[in-house]
Amino acid sequence: MFYRSSRLSELDSRVQELHLQDLSQIRSVPAPVSPGAPDPVGDGPCREGPMLRSNQHLVELIERVKPEIELLRQKCSTVRMWVQLLIPRAEDGNNFGVSIQEDTVDQLWTAESTAASYLRRFSNYYSTRARLVAKMVKYPQVEDYRSTVAEVDENEYLSVLQILLHVRNQYATLHDVILKNIDKIKSPRSSNTDSLY
């Protein structure tokens, strides 16, 4: 249906991995690479002035979490369209099942929109960090810039952890809602209305 039971286990494992990470690695801000010094990645000498690399721990983490978010967004979109197409034309009375369909569509839309906003927020992190790193390189004597970069990195790590928890919880919640209401989602109007008259 909406997810495999192993999907929830996979996401739980990833969350546990993240809880076990050493925050000192996340908070470590490397020193800028001097102009003309060999680039630690091996791309040759730096020519444009001091350079500070991204926090590789966070870059790798974000790159592992983004596909999970995108998968949730795509699944929500697909299931939302399926439920939307099952909604019958409007009629008077006997609309309880239709309201369940509409509520399900709303929950799927909310999850899909939230997932999309998570994907957008990563660029905000990179942009904020880039501005701080530029200040840190320009004013190396101001230790607060280095501390702020470490704080921004730690906050992003904690945000990514929360996002992954939310993705896992969304799978569980949406699966539960759909499973409990599958009959009303598939057939919103009961066929026993004739026996009422």
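The values are calculated or read from the model by the stated rules, or taken from the named source; none is laboratory data. As the structure is a computational prediction, the values presented were derived from the model and not from experiment. As a convention, Cβ positions derive from the backbone with ideal geometry for all residues, glycine included, and neighbour counts pool all protein chains shown. With ligands, DNA and RNA removed, areas are computed over all heavy atoms of the protein, side chains included. Shrake-Rupley method; radii C 1.70, N 1.55, O 1.52, S 1.80 Å.
Between the beta carbons of residue 143 and residue 113, assuming R0 = 35 Å, the FRET efficiency works out to 0.30 to the nearest 0.05. Here the accessible area is traced with a 1.4 Å probe on the protein chains. For region 77-125, carbon and sulfur cover 54 percent of it. Rounded to whole numbers, the Karplus 3J(HN,Hα) couplings from phi for region 24-29 are 5, 5, 5, 7, 6, 10 Hz, using 6.51 cos²θ - 1.76 cosθ + 1.60 with θ = phi - 60°, and x at Gly and Pro.
With θ taken as phi - 60° and the Karplus curve 6.51 cos²θ - 1.76 cosθ + 1.60 applied, the whole-hertz 3J(HN,Hα) list for region 113-119 is 5, 5, 4, 5, 5, 4, 5 Hz, x standing for glycine and proline. In the full protein context, region 47-164 carries 57 Å² of accessible surface per residue, based on a 1.4 Å probe and ignoring ligands, DNA and RNA.
Relative to the current alpha-carbon distance between residue 128 and residue 85, full extension at 0.36 nm per residue lengthens the span by 11.3 nm. Applying the Karplus relation 6.51 cos²θ - 1.76 cosθ + 1.60 with θ = phi - 60° to region 174-188 yields 3J(HN,Hα) values of 5, 4, 4, 4, 5, 5, 5, 10, 4, 5, 6, 5, 6, 10, x Hz, where x marks Gly and Pro. State whether region 80-182 is rounded, prolate or oblate according to the following rule on the C-alpha gyration tensor (a ≥ b ≥ c being the square roots of its eigenvalues): a/c under 1.5 gives rounded; otherwise a/b larger than b/c gives prolate, and the remaining case gives oblate. Here region 80-182 falls in the prolate category. If the segment from residue 95 to residue 172 were pulled out straight at 0.36 nm per residue, it would be longer than the present Cα-Cα gap by 25.0 nm. For residue 186 and residue 121, the FRET efficiency from 1/(1 + (r/R0)^6), where r spans their Cβ atoms and R0 equals 45 Å, is about 0.80.
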